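**Student:** Below you'll find the structure I mean.
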Amino acid sequence: RLCVPAVPVLFKQALENTDMEEGKSVSLRCELTKADATVVWKKGEATLQASAKYEMKQKGTVAELVIHNAEPEDA
């Protein structure tokens, strides 16, 4: 029986600073080394949950957070 260690999921492309316009939607994206890995979005210590404000998308290795109706507090 062969035991293969789990390969850690790493960022291929990390988040970058993004300019936003108040009241508009802004999209944050990162790319991972493993498709469909579990992604948790946080603001400080708080975990963000999908809502009318926060939309989480993931396709393959790309994870995206869309913030609708952006406000200065979303920085």
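The values are calculated or read from the model by the stated rules, or taken from the named source; none is laboratory data. These numbers were taken from a predicted model, which means no experiment stands behind them. Backbone-built Cβ (ideal geometry, glycine too); neighbour counts: all protein chains shown. Each accessible area value is taken on the protein alone, full model and side chains, heavy atoms only, with ligands, DNA and RNA left out. Shrake-Rupley method; radii C 1.70, N 1.55, O 1.52, S 1.80 Å.
**Student:** I need a count of the residues in the stretch 1-34 that are open to solvent by less than 100 Å² (accessible area, probe 1.4 Å) and at pLDDT 90 or above.
**Tutor:** So the count comes out to 9.
**Student:** Further question: When only residues in the stretch 41-73 that are open to solvent by 70 Å² or more (accessible area, probe 1.4 Å) and within 13 Å of Leu15 (Cβ to Cβ) count, which is farthest from the chain's Cα centre (by Cα)?
**Tutor:** Looking at the filtered set, the residue picked out is Lys43.
**Student:** Please verify whether the stretch 22-34 includes one or more residues that are within 16 Å of Glu64 (Cβ to Cβ), more than 13 Å from the chain's Cα centre (by Cα) and of a type in the set (S, T, N, Q).
**Tutor:** yes
**Student:** Next question. Which of the strands (runs of 3 or more DSSP E) contained wholly in the chain include at least 1 residues that are touching a strand residue (DSSP E or B) at 6+ places or on another chain (Cβ under 7 Å) and of a type in the set (Val, Ile, Thr)?
**Tutor:** Qualifying strands (runs of 3 or more DSSP E): 26-32, 62-67.
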